[in-house]
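As structure tokens, the structure follows; a few thoughts come after it.
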Amino acid sequence: MSLLSSRTLVYLLLPPMMWAGNAVVGRMMVGSMPPVAMNALRWLLVAAMLWPLVRRSGLQWGDVRARWRHLAVIGTLGVGTYNALQYLALQTSSPLNVTLIGSSVPVWMMLVGRFGFGQALHARQLVGAALSVLGVMLVMAHGDLAVLSGLRLVPGDMLMLLASLAWAIYSWLLAHPPAHMVGERRPAWDWATFLFVQVVFGSVWAVACSGVEAVLSAGEGPGLIPTGLLPWLGMLFIAVGPSIVAYRCWGLGVQTVGPTMAAFFSNLTPIFAAVWAALLLGEHPRWYHPVALLLIVAGIAVSSGIQKRRREPPRPLDPKGG
């Protein structure tokens, strides 16, 4: 059977489609409920959906308590922070901008690896980073680099940069876990259980932040719970598609073809976002969007072309959601 069988293609294409849909639906939900509260509700729904699977797996809460510090950190970063910042970014930025800036994660991974984990930098990585950063700057400047000198940046673009940094830190923590999460000392958790325990800790942070959001809004804006059929359908989609289906398919795809080839499929997210945004929001790509995508992908390709083996983190099989 061919390495890229029809089933494997489905595994690898569904996640970027779902992540793009998450950005578009998040944009459509603006005004229906507060963004941080939307993130909290999303993961509470995910936890409820995963619980029947986790209960059958025989989760031992003692294993969770013994590792709560590490699980709390990765849950807070990957579930509670990244996704909340993404939904906040979508309040003022387009889904295409958000997904393109999110494609800069490999640059952040390189920087976090260098300054947080002592990972050496190579010339090709620096060239690749420069290309990717140029692409991100082009998006943030909306095709006019003079905008950068005037500091008239969309707040959502800056929030998405912070989200990308949070995801990079989260990814390195997954790749360099403490001793109790390695080898025989790691609990025999399947994909659903490992996702669930992250969601539990991330949801605590997400709910707390939504409470702060409610206090700061002083009762203004939409309520904490969406009203109407369409907002609830949107919540159901982001709880099932980007959070569970994409997570599971991505894990199966990476197991089949490896993280390097899978990474190229993840770069399709902005393309799917452009299609969904045009169809559902009437937001059509501008000339600089494909140029920025080419720069970002070229930067990633240059950086990953180093033949020498390095200790780099694999693409995490976790709830990025967008």
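Taking the residues in the stretch 78-101 that are farther than 22 Å from residue 211 by Cα and touching a Phe, Trp or Tyr at 6+ places or on another chain (Cβ under 8 Å) as candidates, determine which candidate is modelled with the lowest pLDDT.
Restricting attention to the stretch 78-101, the residues satisfying the condition of being farther than 22 Å from residue 211 by Cα are 93-101.
Within this subset, residues satisfying the condition of being touching a Phe, Trp or Tyr at 6+ places or on another chain (Cβ under 8 Å) are 95, 99.
Numbers: 95: 87, 99: 83.
Checking each candidate, the answer is 99.
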- Task: Return the residue satisfying two criteria in turn: it lies in the stretch 29-44 and is surrounded by fewer than 19 Cβ atoms within 10 Å (Cβ to Cβ) and hydrophobic (A, V, I, L, M, F, W, C), and of such residues it is modelled with the highest pLDDT.
- Result: 44
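Please find, within the stretch 194-231, the residue that is farthest from residue 30 (Cα to Cα) out of those that are of a type in the set (A, V, I, L, M, F, W, C) and touching a Gly at 6+ places or on another chain (Cβ under 8 Å). Outline the logic, then answer.
Taking the stretch 194-231 and keeping what is of a type in the set (A, V, I, L, M, F, W, C), we get 194-197, 199-201, 204-209, 212, 214-216, 218, 224-225, 229-230.
Add one more test, that the residue is touching a Gly at 6+ places or on another chain (Cβ under 8 Å), and what stays is 197, 199-201, 204-206, 209.
On the way: 197: 29, 199: 23, 200: 25, 201: 26, 204: 23, 205: 21, 206: 18, 209: 18 Å.
Among residues in the stretch 194-231 that are of a type in the set (A, V, I, L, M, F, W, C) and touching a Gly at 6+ places or on another chain (Cβ under 8 Å), the one farthest from residue 30 (Cα to Cα) is 197.
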- Considering only the stretch 1-49, state which residues are under 14 Å from residue 222 (Cα atoms), of a type in the set (Gly, Ala, Ser) and part of a helix (DSSP H, G or I). 37
- Message: Which residue is surrounded by the fewest Cβ atoms within 10 Å (Cβ to Cβ), if the candidates are limited to the stretch 281-322 and must be at pLDDT 75 or above and in contact with a His (Cβ under 8 Å, 6 or more places away or on another chain)?
- Response: 286
- Query: in contact (Cβ under 8 Å) with a residue 40 or more places away in the chain and under 21 Å from the mean Cα position of the chain (by Cα), is that true of residue 239?
  - Reply: yes
- Task: Name, by its number, the condition in (1) exposed (fewer than 13 other Cβ atoms within 10 Å of the Cβ); (2) assigned to a helix (DSSP H, G or I); (3) modelled with pLDDT under 85 that does not hold for residue 256.
- Result: (1)
- Query: Considering only residues of the stretch 194-240 that are buried (at least 16 other Cβ atoms within 10 Å of the Cβ) and polar (S, T, N, Q), which is farthest from residue 68 (Cα to Cα)?
  - Reply: 210
- Task: Among the residues of the stretch 96-120, count how many are in a helix (DSSP H, G or I) and free of Cβ contacts under 8 Å to residues at least 24 places away in the same chain.
- Result: 2
- Item | Residue list for the stretch 53-95, restricted to those being without any contact (Cβ under 8 Å) to a residue 12 or more places away in the chain, in a helix (DSSP H, G or I) and under 19 Å from residue 190 (Cβ atoms) | 55, 56, 61, 62
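The values are calculated or read from the model by the stated rules, or taken from the named source; none is laboratory data. What you see is a predicted model; the values in this text were computed from it and never measured. FYI the Cβ positions are ideal-geometry reconstructions off the backbone, even for glycines, and counts take in every protein chain you see.
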